[in-house]
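K.L.:
So that we are looking at the same thing, I have put the structure below in structure tokens.
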Amino acid sequence: MSAKLLDGLSVAKEIKSEVAAEVKALFETHQIKPGLAAVIVGSDPASQVYVGSKVKTCETLGLYSEQHTLAETTTTEELLALITKLNAKDTIDGILVQMPLPKQIDANRVFAAISPSKDVDGFHTENVGRLALKQTGFVPCTPAGIMELLKRYDLSVAGKRAVVLGRSRIVGLPMALLLTHADATVTICHSKTPKLREITKEADIIIAAIGRTAFVTTEDIKLGAIVIDVGINKLSEETEVLRYFPDYTNRLAELEKKGYTLIGDVEPVCDTVAGYLTPVPGGVGPLTIAMLMKNTVKAARLRRAI
Ligand code: GUN
């Protein structure tokens, strides 16, 4: 391996301890406890784990939190009724509706219903517009966490060529905006991009958020590139684990124990070509939750003009 691994877990820890100190100070000075409402619709196991972890982190850092679990068959109107209540509730500063939502729910109406001042996910059109125009607002947690990771490792993006794989509202699109504001030259690639791999090969920075197992290979990256892997995919076959992790006996042990092991959108062997690489797990994932906590405290302050 030649790449330096970017340790998202320790950067997330650092951010969380800063948030905990801020929460304590807010309480001591203003008797305020920032509050987050996490809403989950249905019983997707991964979403259950993510939301559980968000609520638990609130408790650990001293924030107030509440979890609302709605049935898989919930209608858009029912979800909107809950959001209206949470918008009006004074103990709640941030509202998070876990994605993906069941098919019958109109996600755009849900994003639009959350008060922009409580939109700690940054998915409301107003916050997307604010981000596009480089104005103060809420920035989606995963791309915000990636910018924080780059900053804390002193990796400057100004003047660099960045390629973002994926154009989602949650990661790709806001990521491209943040990198543009930080003076990178940004290309967004997606499923309809011709000769995508020729484009990634030119990049100084690659953000892989395309949702496909080991999509980025050693052939696709420039020697020394900064590679940020946003993917979270499961491998549940021994042959696959041996193929992608030939030197990692711990991955086979994990497969045996849990029935799967995680892999990103980047082939792990890219650590022989990249200059910097985020591991999966332990790279981008922990930063998303840390930034959600930071956004919730920011919401609590902004709502009270503190
Ligand atoms: N699903 C995957 N990532 C996210 C996120 O950052 N926020 C929400 N609400 N749902 C997600």
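The values are calculated or read from the model by the stated rules, or taken from the named source; none is laboratory data. Everything numeric in this text was worked out from a predicted model, so none of it was measured. Note that each Cβ is placed from the backbone with ideal geometry, even for glycine, and that neighbours are counted across all protein chains shown. Quick note on the areas: whole protein, heavy atoms, side chains included, nothing else; ligands and nucleic acids left out. Shrake-Rupley method; radii C 1.70, N 1.55, O 1.52, S 1.80 Å.
K.L.:
To one decimal place, what Kirkwood hydrodynamic radius in Å is obtained for the stretch 183-306 from all pairs of distinct Cα atoms?
P.N.:
Working: mean 1/r = 0.0617 Å⁻¹.
After inverting the pairwise mean of 1/r, the radius is 16.2 Å.
K.L.:
May I ask you to give the solvent-accessible area per residue for the stretch 147-212, in square angstrom, as obtained with a 1.4 angstrom probe?
P.N.:
Numbers: 3280 Å² over 66 residues.
Here the residues of the stretch 147-212 average 50 Å² of exposed surface.
K.L.:
Using alpha carbons only, what's the Rg to Rh ratio of the chain with Rh from Kirkwood? Kindly include the intermediate steps, with their values, before the conclusion.
P.N.:
On the way: Rg = 19.6 Å, Rh = 20.2 Å.
Rg divided by Rh gives 0.97.
K.L.:
How much net charge surrounds residue 208 when only other residues with a Cβ under 11 Å from its Cβ are counted (Lys, Arg +1; Asp, Glu -1)?
P.N.:
-3
K.L.:
Right, something else. P(r) tail for the stretch 164-224, what percent of Cα pairs lie past 12 Å? Present the calculation step by step, with values, prior to reporting the outcome.
P.N.:
Details: 1200 of 1830 pairs.
In whole percent, the share of Cα-Cα pairs in the stretch 164-224 beyond 12 Å is 66.
K.L.:
Here's a follow-up. List the trypsin sites (Lys or Arg not before Pro) within the stretch 55-125 that fall in a DSSP loop (any state other than H, G, I, E or B) and whose Cβ has at most 11 other Cβ atoms within 10 Å.
P.N.:
Listed in order of number, the matching sites are 103.
K.L.:
Is there a pair in 192/222; 33/298; 33/54 whose C-alpha atoms are over 18 Å apart, and which pairs would that be?
P.N.:
Checking Cα-Cα distances, 192/222 exceed 18 Å.
K.L.:
Counting alpha carbon pairs within less than 8 Å and at least 6 residues apart, what relative contact order, in whole percent, applies to the stretch 43-120?
P.N.:
32 percent
K.L.:
Can you run phi through the Karplus equation (6.51, -1.76, 1.60; θ = phi - 60°) for the stretch 246-253 and list ³J(HN,Hα) in whole Hz, with x for Gly and Pro?
P.N.:
Along the stretch 246-253, the couplings run x, 9, 10, 5, 5, 5, 5, 4 Hz.
K.L.:
Let me ask another. Would you mind working out the magnitude of the charge dipole of the stretch 153-280 relative to its Cα centre, with +1 at each Lys and Arg C-beta and -1 at each Asp and Glu C-beta, to the nearest 20 Debye?
P.N.:
So the dipole magnitude of the stretch 153-280 works out to roughly 500 debye.
K.L.:
List the residues of the stretch 144-179 whose backbone N lies under 20 Å from a point placed 7 Å from the Cα of residue 21 along the Cα-to-Cβ direction.
P.N.:
145, 148-154
K.L.:
What would the Debye formula give as log10 I(q)/I(0) at q = 0.14, 0.21, 0.34 Å⁻¹ for the alpha-carbon point model of the stretch 148-188, no solvent?
P.N.:
Debye output, listed in q order: -0.28, -0.62, -1.13.
K.L.:
If you don't mind, there's one more thing I want to ask. Please list 3J(HN,Hα) in residue order for the stretch 222-228, calculated via the Karplus relation 6.51 cos²θ - 1.76 cosθ + 1.60 where θ = phi - 60°; whole Hz, with x for glycine and proline.
P.N.:
Those phi angles translate into 7, 4, x, 5, 8, 10, 10 Hz.
K.L.:
Accessible area, 1.4 Å probe, largest first: how do 134, 16, 257 sort?
P.N.:
Descending order: 257, 134, 16.
K.L.:
Which values of log₁₀ I(q)/I(0), to two decimal places, follow from the Debye formula for the stretch 1-152 at q = 0.13, 0.19, 0.20, 0.21 Å⁻¹ with a uniform point scatterer at every Cα?
P.N.:
-0.68, -1.33, -1.42, -1.48
K.L.:
So how compact is the stretch 63-170: Cα radius of gyration and Dmax in angstrom?
P.N.:
Taking only Cα atoms of the stretch 63-170, I get Rg and Dmax of 16.1, 48 Å.
K.L.:
When the helices in the chain are scored as -39500 (n - 2.57) per DSSP H run of 4 or longer and the sum is shared across all residues, what 222 nm value do you end up with, to the nearest 500 deg cm²/dmol?
P.N.:
So the helix-based figure for the chain works out to -13500 deg cm²/dmol.
K.L.:
What part of the accessible area of the chain, given as a whole %, is carbon or sulfur when the probe is 1.4 angstrom?
P.N.:
Numbers: 7910 of 14480 Å².
The computed percentage sits at 55.
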